[in-house]
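Notes for the one structure printed next.
The values are calculated or read from the model by the stated rules, or taken from the named source; none is laboratory data. Please read these numbers as outputs of a predicted model, since none were measured by experiment. No Cβ is skipped: glycine too gets one built from the backbone with ideal geometry, and neighbour counts run over all protein chains shown. For accessibility, only protein heavy atoms count, side chains too; no ligands or nucleic acids. Shrake-Rupley method; radii C 1.70, N 1.55, O 1.52, S 1.80 Å.
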Amino acid sequence: MSTTEQVTELIPDAVARRIVLPEGHRDNDELFEAYRWLRENNPLGRAVVEGYDPLWLVSKHDDIMEIERQPDIFTSAGGENKGSVNPILANQAGDEFTKSINNGSLRILETLTYLDPPEHTEIKDIAVDWFRPTNLAKWETTIRDLAKASVARLLETDGRIDFVKDFALYYPLHVIMSLFGVPEEDEPRMMALTQEFFGTADPDAIREDVEPLTPDAAAKQWVATIQDFYAYFERLLQDRRANPRDDLATIISLARDKNGDYYPNEVAYGWFIAIATAGHDTTSSTLAGGILELGRNPDQLAKVKADLSLAPHLVNESLRWASPVKHFMRQATQDYTLRGRDIKKGDRFMLLYQSGNRDAEVIPDPDRFDITRRPNKHIAFGYGPHMCIGQHLAKLELRIMFEELLPHIESLQLVDDTKMIQTNFVGGLKNMPVKIDFAE
């Protein structure tokens with residue numbers, strides 16, 4: 001590769017730091033401007049940020065899909081060297097800490113994120129049927145009852161609330177825990193652990209047993225939170241094996257491999273943690289993001305209130321807009337050519353789903369929130385084998401909540417600035433102080 005080609009690959013430091021560093025995600029306007037710069041000037045460029053391995057930033061919708069559909073070439077698990085790569089971006093100090101306590105492996109969880117096919121397919125099949133729309137249909141009445149109860153509590157207020165902390169966080173949590181089989185009295189513990197799990201880089205979510213500001217603090221919090229989850233879920237696992245019920249925890253706990261043996265407990269823990277975290281946090285971020293944009297676009301709010309059959313399209317546009325899963329990492333298992341770049345075996349890629357969902361080549365007028373957008377080719381759930389298994393449940397929860405909530409909202413105004421969770425992985429609005437005027 002020539003010197004000229006190396007220079008044109010390199011992303012300016014300010015843009016790279018804005019996207020790679022968790023603190024760069026505190027300001028959504030500046031973050032999305034950095035994404036826009038990438039798409040227009042260097043859609044597949046190399047980021048070199050101090051403390052991190054060099055990596056490619058993938059900002060275009062089609063490039064993300066090309067990578068996602070080829071897990072044999074772009075591995076999540078490390079290919080032949082399982083556990084040699086981290087599918088979630090961490091700094092070098094964090095990865096070294098993880099390897100130091102995990103026998104040299106970065107595979108800290110036995111969950112789908114850390115697996116490649118065919119192992120990924122086998123573990124996914126444990127619960128894939130439960131997440132199919134045909135099965136979820138039987139839970140719609142239960143979910144609607146939970147939505148109605150949440151809305152009823154909201155209507156008892158004067159409408160001056162923090163929409164995230166006082167409303168959006170709790171409905172998706174209550175839904176997934178009810179279907180999963182976690183007792184309601186344990187939901188606050190699941191919420192606290194989730195915020196620690198996804199908030200490893202957010203000063204407001206640092207655990208007391210982790211020293212803040214150290215290079216490996218995020219990794220230490222990640223590991224400590226996983227261990228707390230393990231301790232809780234060990235009891236749940238043993239209970240369901242002894243006392244099966246009609247819930248998702250039982251399906252996972254009783255799963256057996258091709259030899260008829262229970263899967264290792266860590267496989268169940270991995271499933272449980274994925275459900276107990278991403279199973280609600282991403283949905284609450286999407287709900288808050290969608291409602292905020294309806295407040296900013298009264299014509300859109302009026303349109304969906306007048307025709308609730310638009311609710312599924314509102315769901316899709318809210319998912320595109322919020323894109324709460326910001327990235328996953330992949331690593332090339334062989335040399336490859338992508339967007340004219342010479343990719344080398346071992347190169348790492350940060351897939352920028354938020355940026356892909358604002359790609360004008362695929363999504364016309366992407367910076368406009370439009371609930372009538374059809375088709376809506378968002379990739380908020382990813383693409384290919386790693387496409388989110390819980391997407392149909394998330395869409396069902398959101399559609400039902402919009403159907404139950406929006407008829408009661410006349411208007412919504414922000415009364416103070418919003419704040420974003422400081423994370424480059426999974427997150428959205430941290431605060432959303434609003435005044436809701438309820439419909440008569």
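Before moving on, here are some points about what is shown:
- The residues of the chain have, on average, 42 Å² of accessible surface per residue, using a 1.4 Å probe with all protein chains present.
- Using C-alpha pairs below 8 Å separated by at least 6 residues, the relative contact order for the chain is 25 percent.
- Binned Cα-Cα distance frequencies in the range 300-440 - 10 Å width, integer %: 10, 31, 36, 15, 6, 2, 0
- Positive minus negative residues near Arg39 (Lys, Arg vs Asp, Glu; Cβ under 9 Å): 0
- For the pair Asp437 and Leu308, a Förster radius of 22 Å applied to the C-beta separation gives a FRET efficiency near 0.70, rounded to the nearest 0.05.
- Excluding same-chain neighbours fewer than eight residues apart, the lysines reachable from Lys148 by a Cα-Cα span under 19 Å are Lys138, Lys165, Lys305, Lys395.
- Pairs beyond 29 Å (Cα-Cα), from Lys124/Lys326; Lys220/Lys430; Lys345/Lys419: Lys345/Lys419
- Database remark: amide H of Ile409 closer than 5 angstrom to the amide H of Ala439 (H placed geometrically; neighbours at sequence offset of 5 or more, or on other chains; Pro and chain starts carry no H).
- Proximal charge balance of Glu80 [Cβ under 12 Å; K/R count +1, D/E count -1]: 0
- Once the convex hull of all Cα atoms in the range 103-146 is built, its volume per residue stands at 103 Å³.
- With R₀ fixed at 25 Å, the C-beta to C-beta distance from Thr157 to Asp129 puts the FRET efficiency at about 0.05.
- Working from label points 7 Å from Cα in the Cα-to-Cβ sense, the Arg69 to Lys345 distance is 2.5 nm.
- Most mobile of Thr250, Thr134, Thr283 in a GNM of the chain (Cα contacts under 10 Å): Thr134
- Placing +1 on the Cβ of every Lys and Arg and -1 on the Cβ of every Asp and Glu, with nothing else charged, gives the chain a dipole about its Cα centre of roughly 760 debye.
- Multiplying the residue separation of Gln391 and Arg296 by 0.36 nm and subtracting their alpha-carbon distance yields 31.6 nm.
- The range 49-118 and the range 314-377 have Cα centres separated by 17 Å.
- Scattering profile of the range 150-200 at q = 0.18, 0.24, 0.30, 0.31 Å⁻¹ [log10 I(q)/I(0), Debye over alpha-carbon scatterers]: -0.66, -0.97, -1.15, -1.17
- Taking a ≥ b ≥ c as the square roots of the eigenvalues of the Cα gyration tensor, the range 351-433 is rounded, since a/c falls below 1.5.
- Note on Asp261 and Ile101: with the Förster distance fixed at 22 Å, the Cβ-Cβ geometry gives a FRET efficiency of about 0.20.
- Loop GluC sites (Glu not before Pro), the range 51-137 (other Cβ atoms within 10 Å of the site Cβ: 10 or fewer; DSSP): Glu80
- Percent accessible area from carbon and sulfur atoms, the range 248-322, protein chains only, probe 1.4 Å: 53 percent
- Here the range 302-372 has an Rg and Dmax of 17.2, 54 Å, counting Cα atoms alone.
- By the rule of a C-alpha distance below 17 Å, with chain neighbours fewer than 8 residues away ignored, the aspartates and glutamates paired with Lys377 are Asp62, Asp63, Glu66, Glu68, Glu317, Asp359, Glu361, Asp365, Asp367.
- Straight Cα distances below 20 angstrom link Lys344 to the lysines Lys60, Lys82, with same-chain residues fewer than 8 positions distant left out.
- Simple point charges give the picture: +1 on the Cβ of Lys and Arg, -1 on the Cβ of Asp and Glu, and for the range 41-187 a dipole about the Cα centre of about 260 debye.
- Where trypsin sites (Lys or Arg not before Pro) fall in DSSP loop in the range 58-105, at most 15 other Cβ within 10 Å: Arg69
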